[in-house]
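Q: Starting off with a structure, shown below.
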Amino acid sequence: MPAAITLAGMIATPLAARGGPVRRVLSSVVVTGLFATTSAAAARRWGPTRTAATAAGVCTATAAVEHLGTATGVPFGRYAYTSALRPQVAGVPAIVPLAWFAMAVPAREAAHAALGSRSTPLGRIGLGAVALTAWDLFLDPQMVGEGYWAWARRGRYRGIPVTNFLGWLATSAAVMAALEAALPADEPADPTLVAEYGVMAGMETLGFAAFFRDRLVAVVGGAAMLPVAGAAARTFWRQRHWRVHSPVGR
């Protein structure tokens, strides 16, 4: 159900007026739906207690990083949230830390699957951080365009400075390291979480290309997210092909 609500919210977003109240509500619906979808899949894999504790830890830590960012410019650069997204805690919209956890776990699992037999903790932290930062190539242009936050100095990529993405990469690596400890990838990647990352990659690419009419963001974001999603899907296909054609599996 949360996944269906998330998809419905994403489909409805381009149909509503840009910067209007409907899109603000839909932003909260999509992020909350993503958080619920990720949490449900993680709870099935690692148990509800461990998942809840991890979600609380990641959300608390990323909320603190976001507050630090708005107060000092570290690590993302100088930016400020507007009053559009509410409720807010210490100047940070409540859905922002939810979004970090909501996509961090799918990104880590997609990295785990993409690496296949070469998957190691260090590799998952590195590729997982890249996979999560890749999502922000879609997220930041959309949210800045909606007027949810603004940068003190305009950058080259849809007004967003490169420091933002460097900050995302560093923060994402820290989150991935925390996930390695709290939700260990000691089994093959979770197909539901990998699929969640892949669906987001495809929906964001299609949305910007066909509905938001921003081909630059569609190309840049798609070029960053889709290869990880594709490599993860290829690993699953190879594993399924091996099981079907293996003499043991017959």
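The values are calculated or read from the model by the stated rules, or taken from the named source; none is laboratory data. Predicted model, so just to flag it, every value in this text is computed and none were measured. Here the Cβ positions follow ideal geometry from the backbone for every residue, glycine too, while neighbour counts run over all protein chains shown.
Q: With the checklist (1) modelled with pLDDT of 95 or more; (2) outside any helix (DSSP H, G or I) in hand, flag the one item ARG18 doesn't pass.
A: The failed condition is (1).
Yes or no, residue by residue, for (1) farther than 18 Å from ALA43 by Cβ; (2) among the hydrophobic types (A, V, I, L, M, F, W, C); (3) modelled with pLDDT under 95:
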residue	(1), (2), (3)
ALA189	no, yes, no
VAL194	no, yes, no
GLU204	yes, no, no
PHE208	yes, yes, no
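Q: Tell me, which residue of the stretch 63-82 that is of a type in the set (A, V, I, L, M, F, W, C), in a helix (DSSP H, G or I) and touching a helix residue (DSSP H, G or I) at 6+ places or on another chain (Cβ under 6 Å) is nearest to ILE95 (Cα to Cα)?
A: ALA63
Q: Mind checking whether some residue in the stretch 33-48 is β-branched (Val, Ile, Thr), surrounded by fewer than 21 Cβ atoms within 10 Å (Cβ to Cβ) and either in a helix (DSSP H, G or I) or on the phi > 0 side of the Ramachandran plot (or both)?
A: no
Q: How many residues are surrounded by 20 or more Cβ atoms within 10 Å (Cβ to Cβ) and either modelled with pLDDT under 95 or under 11 Å from PRO14 (Cβ atoms) (or both) if we restrict to the stretch 210-226?
A: 0
Q: Of (1) over 17 Å from PHE101 (Cβ atoms); (2) among the small types (Gly, Ala, Ser); (3) out of contact with any Pro (no Cβ under 6 Å at 6 or more places or on another chain), ALA178 satisfies all except one. Which?
A: (1)
Q: Can I ask one more? Which number in (1) more than 19 Å from THR62 (Cα to Cα); (2) buried (at least 19 other Cβ atoms within 10 Å of the Cβ); (3) of a type in the set (Asp, Glu) marks the one condition that ASP186 misses?
A: (2)
Q: Check off (1) at positive phi; (2) at pLDDT 95 or above; (3) in contact with a helix residue (DSSP H, G or I) (Cβ under 7 Å, 6 or more places away or on another chain) for ALA90 and give me the number that stays unchecked.
A: All conditions pass for ALA90, except number (2).
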